[in-house]
Amino acid sequence: MTNAVFAGGTSRAGSSTTVGEVVNPADGTIVASFAMAAAADVDTAVAAAKDAFPGWSTAPPVERATALTRLAAILEGRAAEYALVETRQTGKPIRLSSEFDVPGSIDNVSFFAGAARNLEGKASAEWDGAHTSIIRREAIGVVGSIAPWNYPLQMSMWKILPAIAAGNTIVLKPAEITPLTSLMLAEDCVAAGIPAGVVNVVVGTGLEAGEALVSHPDVSMVSFTGSTPVGKRVMELATAGVKRVHLELGGKAPFVVFDDADLEAAVHGAVAGSLINTGQDCTAATRAYVQRPLYDAFVAGVADLYAGVRMGNPEDPATDLGPLISARQAERVAGFVDRARGYGARIVTGGMAPGGELAKGAFYSPTLVVDAAQDSDIVQNEIFGPVLVVLPFDTDDEGLALANDTVYGLAASAWTTDIFRGLRAQREIRAGCVWVNDHIPIVSEMPHGGYGQSGFGKDMSMYSFDEYTNIKHVSLDITGEARKPWHRTIFTDH
C-alpha cells in the first residue's frame, strides 16, 4: 500500500476507511492502492504547515532559492523515473511525459529559484513631504491547493512553487486518481533541504479531504485548478472564511483561421493543439473557426493527419495518442459526439472507441466534427477529449465574435500572415492567453490564467506572486514633530 499523506516531513497512511486506487487507463491494471486521507489528516498537514510558516516566511530569499536549486538538480537526476510514473498513472504518451511534462516542471523549479531572490516591494518618494512610503510583499500564510489529474506533476509545480518561493507553506491535495508524482515531489522537497512542513500532501476525495482543506480556519489562501462547477464550490467554501482565492478553471479555446493563413501551419497546429494529452487540456484547441475560402482544405487536411495518429501503449515511444484518464471519461467524450450526431452534425473521422487490444483501455479515436450549430452542446461545453469541431465564418468581425461566444476565456489562437489581423485578434479575443500562429506553447516566464468562467489569477511567472503575497504599505514620519498639521482637524491646537 502507498502512503497517502506527507505531512511535517513524514510519509504515512491516510486514516480514512476508503481505499483509493491508481489505475493505468491504458490497460486497466492497478498501479497503486492506498488508504485515503481524511479530515483528520488534513488537520495534521495544516498544523505542520502552520508550524513551519514563521521560519520559512522569514528565511532570507537566498535560502529559499538555494533549496529550490537543489530540488531542480534532484528532479533532473530522477527525470526518467518521474516520466514513467506520470505515464503509468495518467496514460499520457511517454514522449509527452519525458519531453514536455517533466522538463517543463524542472524549468519551473529553476525559474522560481531565481524569482525567489527578485521578489521585491518598493520604496517611493515622500508623497506628502512628511512621510516616506515603503511597499512590502509578505507571505500570506498556509496555502491550501487542489490540483487536477490531467498534468499531475506540472500542476503540483504550478501550485507549490510560487507559494513557497514567496515564503508561504502549503498543503496540496492532488487528484486522488493521479497522486504518485506529487507524493514523490514532496519527499524530494525535503531531500533538497526545504524544511519539513513547508510542503505537505494529502490524497483524499474532494468531498472529504478537499472540502476540509478549503474550509480549514488555519488556511489563509486557496488555489484550485479544475472544472468550473467544482471551482464554484471551492469559491463558496473559501468565501465563508474570507480567504484569498485563485482559480484556474475550464476552457473552450477557439482556433481562428483567417483566409490568408499558412494552411499547412494551421492544420498541423490544430492537430497538435487538439490532441495534446488526448485533448485533456483546458487550453486545447476545441473550436476551429475557419474563414470560408480555406474551410474545405482545412477540414480535409486535419482529417488526413488525424488518420495517421498512432494510438497504442503509452510507454512505447512510437505512440502518439494515449487513452483518456478513465473509462468514465471515455464514455463522457463519446456522449458529446453521439449527441452531436443526433442533432445533425457530421463526423468526418473518428467518433468511436477502437477495438482489438486497445479496447482494454480508455481509448477514443481522434474525432473531427463539422456542421454543428454554434449554440450546440459540443461547441459550447468543455469536452476534455480528442475532439475538434470546425465551423466556417465569412467576415473577420464574424470570426472574432464567434471566438468570443463562450462563457470561458482561458486561451485562444489566431492564424494569419497579416500583422494587422493578428494584432486585432490578440486585442479583441477575450482570453487570458492569445497565441498568434501557434497553439499551446507555455514558458515559465509568462503568466497563465483566464477570463470569465475560466477563473482568475495567474500561474507561473513573476505575476503569480500577486496571488501569493500580501501588499503592505509602511509609512514612516520623517519630521520628528509631535504635533502634525492634520491634528487640528481633530482638536484645537493648545
Hey, among the residues in the stretch 387-403 that are in contact (Cβ under 8 Å) with a residue 60 or more places away in the chain and of a type outside the set (A, V, I, L, M, F, W, C), which one's surrounded by the most Cβ atoms within 10 Å (Cβ to Cβ)?
GLY399
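Does ARG117 fit the bill of being under 21 Å from the mean Cα position of the chain (by Cα), over 21 Å from GLU187 (Cβ atoms) and of a type outside the set (A, V, I, L, M)? Break it down stepwise before answering.
Details: under 21 Å from the mean Cα position of the chain (by Cα): no; over 21 Å from GLU187 (Cβ atoms): yes; of a type outside the set (A, V, I, L, M): yes.
When the stated conditions are applied, ARG117 does not pass them.
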Between THR278, THR286, which is β-branched (Val, Ile, Thr), farther than 25 Å from ILE429 by Cβ, within 26 Å of the chain's Cα centre (by Cα) and crowded, with 22+ Cβ neighbours inside 10 Å?
THR278
Tell me, yes or no, whether the stretch 39-47 has at least one residue that is under 28 Å from PHE111 (Cα atoms), touching a Gly at 6+ places or on another chain (Cβ under 6 Å), modelled with pLDDT of 95 or more and part of a helix (DSSP H, G or I).
no
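For every residue, the table says whether it meets (1) under 30 Å from TYR364 (Cβ atoms); (2) modelled with pLDDT under 95; (3) buried (at least 23 other Cβ atoms within 10 Å of the Cβ).
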{"site": "THR2", "(1), (2), (3)": "yes, yes, no"}
{"site": "GLY8", "(1), (2), (3)": "no, no, no"}
{"site": "SER11", "(1), (2), (3)": "no, no, no"}
{"site": "ASP27", "(1), (2), (3)": "yes, no, no"}
{"site": "VAL31", "(1), (2), (3)": "yes, no, no"}
{"site": "LYS50", "(1), (2), (3)": "no, no, no"}
{"site": "SER57", "(1), (2), (3)": "no, no, no"}
All-but-one check, ASN200 against (1) within 15 Å of the chain's Cα centre (by Cα); (2) more than 24 Å from PRO323 (Cβ to Cβ), failing number (1)
Lone unmet requirement of (1) at pLDDT below 95; (2) in a strand (DSSP E or B) for VAL22:
(1)
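From the residues in the stretch 63-77 that are out of contact with any helix residue (DSSP H, G or I) (no Cβ under 7 Å at 6 or more places or on another chain) and not hydrophobic (A, V, I, L, M, F, W, C), which one is farthest from GLY312 (Cα to Cα)?
Going through the qualifying residues, I end up with GLU63.
Considering only residues of the stretch 219-253 that are of a type in the set (Gly, Ala, Ser) and part of a helix (DSSP H, G or I), which is farthest from GLY409 (Cα to Cα)? Walk me through it before giving the result.
Here is the first cut: in the stretch 219-253, the ones of a type in the set (Gly, Ala, Ser) are 220, 223, 226-227, 231, 238, 240-241, 250-251, 253.
Applying the additional criterion that residues be part of a helix (DSSP H, G or I) yields 231, 238, 240.
Working: GLY231: 15, ALA238: 23, ALA240: 26 Å.
It comes out as ALA240.
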Has the stretch 358-380 got at least one residue that is in a helix (DSSP H, G or I) and exposed (fewer than 14 other Cβ atoms within 10 Å of the Cβ)?
yes
Taking the conditions exactly as written (of a type in the set (Asp, Glu) and in contact (Cβ under 8 Å) with a residue 12 or more places away in the chain), does GLU315 satisfy them or not?
yes
Go through (1) farther than 30 Å from MET36 by Cα; (2) among the hydrophobic types (A, V, I, L, M, F, W, C); (3) surrounded by fewer than 24 Cβ atoms within 10 Å (Cβ to Cβ); (4) out of contact with any Leu (no Cβ under 7 Å at 6 or more places or on another chain) for ALA113 and report which single condition fails.
(4)
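To keep it simple, each residue is scored yes or no on (1) touching a Pro at 6+ places or on another chain (Cβ under 8 Å); (2) part of a helix (DSSP H, G or I); (3) aromatic (Phe, Trp, Tyr).
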residue	(1), (2), (3)
GLN426	no, yes, no
VAL434	no, no, no
VAL443	no, no, no
PHE465	yes, yes, yes
LYS472	no, no, no
ALA482	no, no, no
PHE491	no, no, yes
Output the residue which, of all residues in the stretch 73-109 that are more than 20 Å from the chain's Cα centre (by Cα) and among the small types (Gly, Ala, Ser), is surrounded by the most Cβ atoms within 10 Å (Cβ to Cβ).
ALA79
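The values are calculated or read from the model by the stated rules, or taken from the named source; none is laboratory data. This is a predicted model, so every value here is computed, not measured. Positions of Cβ are generated from backbone atoms using ideal geometry, with glycine treated the same way; all protein chains shown enter the neighbour counts.
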